[in-house]
Amino acid sequence: MNIVVLQGTLSSEPVERTLPSGDNIMNWEVTTTTSVGKRSVPVQWDDPPKRALAIGEGDEVVVLGTIRRRFFRAGGVTASRTEVVASAMAKPSQKVAVSKLLLEAQDQLAA
């Protein structure tokens, strides 16, 4: 099972790009605070909804997604990146949206 629920602060402005395939992706970094300090997690959202454009650096977010490790060629060598691939996102202040997000995660766990 591969399910992630992540809550933290956007530590970078989201960057939206259009791939040669025509697909849109949005990338950003979420910083979480744990008992051992702060951790920064790269997040990617494939074909994000337009409402995703309303987030910015410093915003608090809750993200539902999966973990992915991808490999690519860079500078003649193979490199890798581990990231969260978002399927849903809400601001913590949006209680109903966060509840729906958590229920979706719970449904995925029960399946």
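Laboratory data are not the source of any read-out in this text; all were calculated from the coordinates shown. Worth saying up front: this structure is predicted, and the values here are computed from it rather than measured. Backbone-built Cβ (ideal geometry, glycine too); neighbour counts: all protein chains shown.
Note on the chain: with a GNM built from Cα contacts shorter than 10 Å, the maximum mean-square fluctuation among Ser87, Ser35, Ser12 falls on Ser35. According to the calculation over all Cα-Cα pairs in the chain, the P(r) per 10 Å bin from zero is 13, 43, 34, 9, 1 %.
In this rough spin-label picture, where each label sits 7 Å from Cα along the Cβ direction, the Glu104-Asn2 distance is 1.7 nm.
Within the shell defined by Cβ-Cβ distances under 11 Å, the residues around Ala86 carry a net charge of -2, with Lys and Arg each +1 and Asp and Glu each -1. Positive contributions from Lys and Arg (+1) and negative ones from Asp and Glu (-1), summed over other residues with Cβ under 15 Å from the Cβ of Val43, come out at -2.
For the chain, a Gaussian network of Cα nodes joined below 10 Å ranks Thr33, Thr78, Thr66 by mean-square fluctuation, and the top entry is Thr78. Residues considered: Ala54, Ala79, Ala97. Largest GNM mean-square fluctuation over the chain, using C-alpha springs under 10 Å, is found at Ala79.
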